[in-house]
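Peer 1: Questions regarding the structure given below will be posed in turn.
Taken together, the values in this text are just the output of simple stated rules run on the coordinates, not laboratory data. No experiment lies behind these values; they were computed from the predicted model shown. Cβ sites come from the backbone with ideal geometry, for glycine too, and all protein chains shown count toward neighbours.
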Amino acid sequence: MAELKAGDIDAVTDPSVSDIRDEWNWVRPGIEELLAAQPQLTYRPEDVYAKCVNGDAVLWTTDEGFLVTNVLYDEYSKDKIFFIWIAWAKKRGGANGIKHVPFFCTEAKKAGLNKIQFQSKTDAPIDFFTKNGWQVDTIVYTRGL
């Protein structure tokens with residue numbers, strides 16, 4: 001994949017923090033779509049709802065889709081990590097995974113966090129993200145017993 005360059009992305013509207021209770025009618029089907037495509041994920045849509053309502057996660061919405069984020073703590077390095085737990089786009093292939101990175105980096109810094117992180121089932125985004133300033137720290141493989 002090629003590196004993302006200025007002009008490759010249409011005008012970007014910053015994500016907004018949203019109340020999951022107000023957005024649930026369209027967010028839930030997006031979560032269900034992700035879970036159907038990735039049966040190894042163990043959470044339910046209701047778990048996402050509960051975490052957002054309880055303040056343990058944040059729903060961000062844009063015209064293109066939504067993200068759910070939370071904060072992770074590395075007990076060894078003491079890093080506070082802005083973690084993108086769930087990301088869903090109405091339309092694939094629009095560089096949705098990268099175009100809001102500057103916004104989220106700013107938000108994470110304002111919150112006193114020092115890293116931003118996400119996980120993916122596939123290795124497809126590796127080339128794209130590493131060409132756009134990310135590094136691969138770890139890949140997790142799982143085998144049931």
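Peer 1: How far apart, in nanometres, would the label points at TRP26 and ASP47 be if each is projected 7 angstrom from Cα along the Cα-to-Cβ direction?
Peer 2: My value for the distance between the label points is 2.6 nm.
Peer 1: Give me LEU34, LEU41, LEU113 ranked fewest to most by other Cβ atoms within 10 Å of their Cβ, as a rough exposure proxy.
Peer 2: Neighbour counts put them in this order, fewest first: LEU41, LEU34, LEU113.
Peer 1: Taking one equal scatterer on every alpha-carbon of region 16-130, how large is log10 of I(q)/I(0) by Debye at q = 0.17, 0.20, 0.22 1/Å?
Peer 2: Evaluating at q = 0.17, 0.20, 0.22 Å⁻¹ gives log10 I(q)/I(0) of -0.91, -1.28, -1.51.
Peer 1: In terms of Cα to Cα distance under 20 Å, which lysines are near enough to LYS90, apart from those fewer than 8 places away along the same chain?
Peer 2: LYS99, LYS121
Peer 1: Okay, moving on. Counting pairs of alpha carbon atoms under 8 Å apart in space and at least six apart in sequence, what relative contact order in percent does region 16-130 give?
Peer 2: Result for region 16-130 is 20 percent.
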